[in-house]
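Undergrad: Take this structure, written in structure tokens, and hold onto it; I'll ask about it next.
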Amino acid sequence: MDRQYQALPIRELGAGAGFRRPTPPQAARVTLESPALEVMTDLARVSPATIRAQAPIEGAHEFMRSRGVRLLLVVDERDTVLGVLTAADILGEKPTRLAAERGRKRDELTVADLMTPGELVEVVELAAVEGARIGHVMETLRRAGRQHTLVVDYEHVAPRSALERPVERPMVRGIFSLSQVARQLGVAVPQPGEVARTFAEIEAALGR
């Protein structure tokens, strides 16, 4: 027997309406012995913050603030990763120095001017992360002197002809952020340029 459906009541939205945003799950407290995956931003679950290379740096900075992140993946129209841009790139001395070298104003610089190109971005493989602890992540960030490290896995790309070999295309799978690790360890979140100080604070806090 066919079921009869009634239309839902309709009303006007009205002025001044907002919209709901997803509420991220509360990050669990961890220790240095906790699995590294517990502090990795998994891009299989969370969409990354991305930007185009031609975007102005002030727009990029505002986008970081609105998203609450300090790293942007720089991508092209095909979502190929061209590089990364961090808050430290924008807030440090690099923009002023670069503008002076090129005879331009600071606000004329683009993401392409400041980003780290993909071929220079150091990454760790997901296979290595899966058996690692947070202490391993901290040591990796400390030795690199950075606030972020990308995690990659690989996508198998079939050959276009019988003469070509199949290749493995690197895919950014996750992001380790020093601020995220600090937050979950219960330590003050670092500001750009405070990498060494944050490691010292984490060691002091966890040593008590």
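The values are calculated or read from the model by the stated rules, or taken from the named source; none is laboratory data. Because the structure is predicted, anything quoted here is derived from the model rather than measured. For neighbour counting, all protein chains shown are included, and Cβ atoms are generated from backbone atoms with ideal geometry for every residue, glycine included. These area figures cover heavy atoms from the full protein model, side chains too; ligands, DNA and RNA do not enter into them. Shrake-Rupley method; radii C 1.70, N 1.55, O 1.52, S 1.80 Å.
Undergrad: Using 0.36 nm times the number of residues separating Ala28 and Ala162, minus their current alpha carbon distance, what extension gain do you get?
TA: 43.3 nm
Undergrad: Follow-up. What percentage of the solvent-accessible surface of region 16-61, computed with a 1.4 Å probe over protein heavy atoms, is contributed by carbon and sulfur atoms?
TA: Carbon and sulfur atoms account for 53 percent of the accessible area of region 16-61.
Undergrad: Moving to a separate point now. Once you put a point 7 Å from the Cα of Glu108 and another 7 Å from the Cα of Tyr154, both along the Cβ direction, what distance in nm separates them?
TA: 4.5 nm
Undergrad: To continue, here is another question. Compute the signed sum of charges (Lys and Arg +1, Asp and Glu -1) over the other residues within less than 14 Å, Cβ to Cβ, of Leu71.
TA: Charge balance near Leu71 sits at +2.
Undergrad: Pick out, from Ser47, His61, Pro22, the residue whose Cα sits farthest towards the positive end of the charge dipole of region 14-66, with +1 on the Cβ of Lys and Arg and -1 on the Cβ of Asp and Glu.
TA: Going by the charge dipole, the pick is Pro22.
Undergrad: In addition: Using a 10 Å Cβ count of at most 12 others and DSSP loop calls, identify the longest part of the chain lacking such chymotrypsin sites (Phe, Trp or Tyr not before Pro).
TA: For chymotrypsin sites (Phe, Trp or Tyr not before Pro) (loop position, at most 12 other Cβ atoms within 10 Å), the longest site-free span of the chain is 20-208.
Undergrad: Test of understanding: what is the full-extension gain from Glu62 to Glu12, defined as 0.36 nm times their sequence separation minus their Cα-Cα distance?
TA: So the chain would gain 14.7 nm between Glu62 and Glu12.
Undergrad: Just how large is the dipole of the chain about the Cα centre, in debye to the nearest 20, putting +1 at every Lys and Arg Cβ and -1 at every Asp and Glu Cβ?
TA: 520 debye
Undergrad: About the Cα centre, and with charges only on the beta carbon of Lys, Arg (+1) and Asp, Glu (-1), how big is the dipole of region 135-190? Nearest 20 debye, please.
TA: It works out to roughly 180 debye.
Undergrad: Also, quick follow-up: Which value at 222 nm does the chain reach when only helices count, each DSSP H run of 4 or more adding -39,500 (n - 2.57), with the total divided by all residues and rounded to the nearest 500 deg cm²/dmol?
TA: Calculated from helices alone, the mean residue ellipticity at 222 nm is -8500 deg cm²/dmol.
Undergrad: Taking the simple approach of a point 7 Å from Cα along Cα-to-Cβ for both Ala127 and Ala188, what is their distance in nm?
TA: Rounded to a tenth, the inter-label distance reads 4.2 nm.
Undergrad: If you don't mind, there's one more thing I want to ask. Cα gyration tensor of the chain, axes a ≥ b ≥ c as square roots of the eigenvalues: rounded (a/c below 1.5), prolate (a/b > b/c) or oblate?
TA: rounded
Undergrad: Still on this structure, please answer the following. On average, how much accessible surface per residue is there in region 7-155, in Å², for a 1.4 Å probe, leaving out ligands, DNA and RNA?
TA: 66 Å²
Undergrad: Mean-square fluctuation check for the chain, GNM, Cα pairs under 10 Å: which of Leu141, Leu163, Leu91 is largest?
TA: Leu163
Undergrad: Quick check: Cα centre of region 160-179 to Cα centre of region 1-69, how many Å?
TA: 25 Å
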